[in-house]
Amino acid sequence: QVQLVESGGGLVQPGGSLRLSCAASGSFFSIYALGWYRQAPGRQRELVAVIASGGSTSYVDSVKGRFTISRDNAKSTLYLQMNSLKPEDTAVYYCNTKPLRWDYWGQGTQVTVSS
């Protein structure tokens, strides 16, 4: 059974940093590509970063050079290091597989960038 638990969000000033974590249960973690998604108020959920099972990464243009996705297969944990945060990064952040393989989402973690 899949379980995804996101953590590490909070309130940060513009230019600040946060590190998000996603603890996963289930045997899928090391097999699948994984992604960080975010959903801002009034907007659709969007994919911001992906890491393949082999470790290659890709990012949406708006976060390139600022965000870094990584994974620790031994700990079944996915990370997102976010630097130089901007107000437009404010959203609830979620982790999941890429592509989506089930109709399940964790509770997400709120990131608010504001002075």
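Applying the selection to region 45-92, what residues are of a type in the set (Asp, Glu) and either surrounded by 15 or more Cβ atoms within 10 Å (Cβ to Cβ) or under 23 Å from SER25 (Cβ atoms) (or both)?
ASP72, ASP89, listed by residue number.
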Identity of the residue in region 24-46, touching a Lys or Arg at 6+ places or on another chain (Cβ under 8 Å) and at pLDDT 95 or above, that ends up farthest from PRO99 (Cα to Cα): GLN39
Single unsatisfied condition, ASN83 versus (1) within 15 Å of SER17 (Cβ to Cβ); (2) of a type outside the set (Ser, Thr, Tyr); (3) in contact (Cβ under 8 Å) with a residue 40 or more places away in the chain; (4) in contact with a Leu (Cβ under 6 Å, 6 or more places away or on another chain): (4)
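When the residues of region 1-21 are filtered to those that are part of a strand (DSSP E or B) and of a type in the set (S, T, N, Q), which remaining residue is surrounded by the most Cβ atoms within 10 Å (Cβ to Cβ)? Before you say what the answer is, go through the steps one by one.
So the first thing to find is which residues in region 1-21 are part of a strand (DSSP E or B), and the list is 3-7, 10-12, 18-21.
Right, trim to of a type in the set (S, T, N, Q) and you get 3, 7, 21.
Working: GLN3: 10, SER7: 15, SER21: 17.
Within region 1-21, the match that is surrounded by the most Cβ atoms within 10 Å (Cβ to Cβ) is SER21.
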Among (1) within 16 Å of SER7 (Cβ to Cβ); (2) outside any strand (DSSP E or B) - the single one GLY54 does not satisfy: (1)
Residue among ALA49, ALA24, ALA74 that is small (Gly, Ala, Ser), part of a strand (DSSP E or B) and over 12 Å from the mean Cα position of the chain (by Cα): ALA24
Pick from region 104-115, criterion touching a helix residue (DSSP H, G or I) at 6+ places or on another chain (Cβ under 7 Å) and surrounded by 12 or more Cβ atoms within 10 Å (Cβ to Cβ), ranking: farthest from GLY15 (Cα to Cα): VAL111
Criterion (modelled with pLDDT of 95 or more and of a type in the set (Gly, Ala, Ser)) met by exactly one of ALA74, ALA49: ALA49
Matching residues in region 77-94 - criterion: being under 20 Å from TRP105 (Cβ atoms) and either assigned to a helix (DSSP H, G or I) or not hydrophobic (A, V, I, L, M, F, W, C) (or both): THR77, TYR79, ASP89, THR90, TYR93, TYR94
Looking only at region 29-40, and only at residues there that are touching a residue at least 24 places away in the same chain (Cβ under 8 Å) and part of a loop (DSSP other than H, G, I, E, B), the one that is least open to solvent (accessible area, probe 1.4 Å): PHE29
Test result for ARG101, surrounded by 15 or more Cβ atoms within 10 Å (Cβ to Cβ), in contact (Cβ under 8 Å) with a residue 12 or more places away in the chain and out of contact with any strand residue (DSSP E or B) (no Cβ under 6 Å at 6 or more places or on another chain): no
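The values are calculated or read from the model by the stated rules, or taken from the named source; none is laboratory data. This structure is a prediction, so every number in the text was calculated from the model and none was measured. Neighbour counts are summed over all protein chains in view; Cβ atoms, including those assigned to glycine, are modelled from backbone coordinates with ideal geometry. Note: accessible area is taken over every heavy atom of the protein model, side chains too, but ligands, DNA and RNA are not part of it. Shrake-Rupley method; radii C 1.70, N 1.55, O 1.52, S 1.80 Å.
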